[in-house]
Amino acid sequence: MKRWTATLLSLFVVILAVPAAGAQKAREEIEHLPGYVDFTGLRFFEEEDLAIEVNLHGSLLGILSQSLREEDREFSELLAKLRSVRVNVFKLDADEASAVRDETRNITRALVKEGWQAVVRIRGEEESIQILLREVEGRIAGLVAMFVDDAESVGFINIVGEVDPGQVARLGRALDIDVLEAMDQTTGEEGASDLP
Amino acid sequence: VKRSQPLTCAEVHALLEPWMDGELEAQAARRVHLHVESCPGCADEADAARRVREGLGALPLLACPDSVVQPVLRQARRRLLRGLPRPASTALLAAAATLLLVVGALFLMPTSPPRPDASPQELAQAEQDARLAMAYFAEISRRASLTLRDEVIARHVSEVPMATLDALRNPAEETP
């Protein structure tokens, strides 16, 4: 009888622990994907400078894709191939711009060493743009974009999954969302998740 | 053995083997030694025992044939196994198997399928976030295109008139 009690108790404990372990496992799985880039080490930004933050992962992207299947098929199909979408945009003071540009270049160099391809490297007078792709077995596994606007902001995008950058840009343009306006709205309010 | 009284011959006979093997404590060994020295009967007994030991030690070592060793080892293994805890009962095994199946199924379940518990608000927010992410990337690529175009135009279009102007300004350089 004691053995049965112990067995049932173990089963109960395991059933309680499994959902939490599953969520943790899902996060860890995404972090181990070749297209994932950890931006948590961006030490020179303060939490209060965060203007836009997007964090979408596997299960939510899946259900979002399904819910949009009828309404917006192309967007739905794009989302279905993605495992994670993260955007971090920080406000930037002009005096920090140079250091931030250096840091994005360092990140690019490190990513290239890891096997990423820098497809766009632009150092303009007032802005710099870096776009990198990670290819695995002939397929794109991830995309990173870093954008420094000296006078305004610095943004990091990491899209994990089978992403078509051209399709993302085309769909993004079609949305006609003014990102800078979105930033202004969010920075004027508390928190960074109240998007337009 | 009481430590205060001298040993009797019977006690010494019982202690002879361990005494000769050096297994006795120092005090007990000394008492046996004293008795053997003072008792001719026990001294003879001790001598006989020593001779037997020496005789046995002088005998050659013989290898035991496999036909004897293997049955003995098999018997020993059987006895050892009999001493081990009994295997779990069928019911307990069934419970353990069920537990393994449940845990295995839960862990092997794909982690990305749609969550049934996403609220409409969560979905609306997620859609907004996803669209904003795409729009932000579109904005970056648009700016990249603009910058590239400007750089290309500046380099290739303005180079021709600038070269012409230079040539007009310094005609001597044109002649070889």
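Every number in this text was worked out from the coordinates using simple rules, so none of it is lab data. This is a predicted model, so every value here is computed, not measured. With ideal geometry, Cβ positions are generated from the backbone for all residues, glycine too; neighbour counts draw on all protein chains shown.
I want the local charge near B:Arg53. Using Cβ-Cβ distances under 10 Å, sum +1 for each Lys or Arg and -1 for each Asp or Glu among the other residues. Intermediate values should be presented prior to the final figure.
Values: positive: B:Arg50, B:Arg51; negative: B:Glu17, B:Asp21, B:Glu54.
The answer is -1.
What Kirkwood Rh does region A:93-168 have if only Cα atoms enter the pairwise 1/r average? Answer in Å. All intermediate terms of the calculation are to be shown ahead of the outcome.
On the way: mean 1/r = 0.0778 Å⁻¹.
Mean inverse Cα-Cα distance, inverted, gives 12.9 Å.
Can you list residues whose amide H is under 5 Å from A:Val119's amide H, if they're 5+ apart or on another chain and H is modeled 1.01 Å from N?
A:Ile131, A:Leu132, A:Leu133
Karplus couplings for region B:47-56 from phi (6.51 cos²θ - 1.76 cosθ + 1.60, θ = phi - 60°), rounded to Hz, Gly and Pro as x?
5, 4, 5, 5, 5, 4, 4, 5, x, 5
Net charge near B:Ala138: determine it from the other residues with C-beta under 9 Å of the C-beta of B:Ala138, scoring Lys and Arg +1 and Asp and Glu -1. Please list the in-between numbers first.
Values: positive: A:Arg170, A:Arg173, B:Arg142; negative: B:Glu139.
Residues near B:Ala138 contribute +2 overall.
Residue by residue, what Karplus-based ³J(HN,Hα) values in Hz, rounded to whole numbers, does region A:162-168 have, using 6.51, -1.76 and 1.60 with θ = phi - 60° and x for Gly and Pro?
7, 9, 10, x, x, 5, 4
Using θ = phi - 60° and the Karplus curve 6.51 cos²θ - 1.76 cosθ + 1.60, what whole-Hz ³J(HN,Hα) does each residue of region B:11-20 get, with Gly and Pro shown as x?
Once rounded to whole Hz, the list reads 5, 5, 4, 5, 9, 4, 4, x, 5, 5.
In nm, to one decimal, how far is the modelled label at B:Arg53 from the one at A:Glu47, with both set 7 Å along Cα→Cβ?
Here the answer is 8.1 nm between the modelled labels.
Would you kindly calculate the translational diffusion coefficient of region A:67-108, applying Stokes-Einstein with the Kirkwood radius from alpha carbon pairs, for 10 °C and a viscosity of 1.306 mPa s, and quote it in µm² s⁻¹ without decimals?
Here the translational diffusion coefficient equals 118 µm²/s.
At 7 Å along the Cα-to-beta-carbon direction for both A:Asp95 and A:Val119, put a label point, then send me their distance in nm to one decimal.
Going by the 7 Å Cα→Cβ label model, 3.9 nm.
Give me the net charge for the shell around A:Lys81: Cβ to Cβ below 13 angstrom, other residues only, Lys and Arg +1, Asp and Glu -1.
On the way: positive: A:Arg83, A:Arg139; negative: A:Glu74, A:Glu77, A:Glu162, A:Asp164.
Value of the local net charge: -2.
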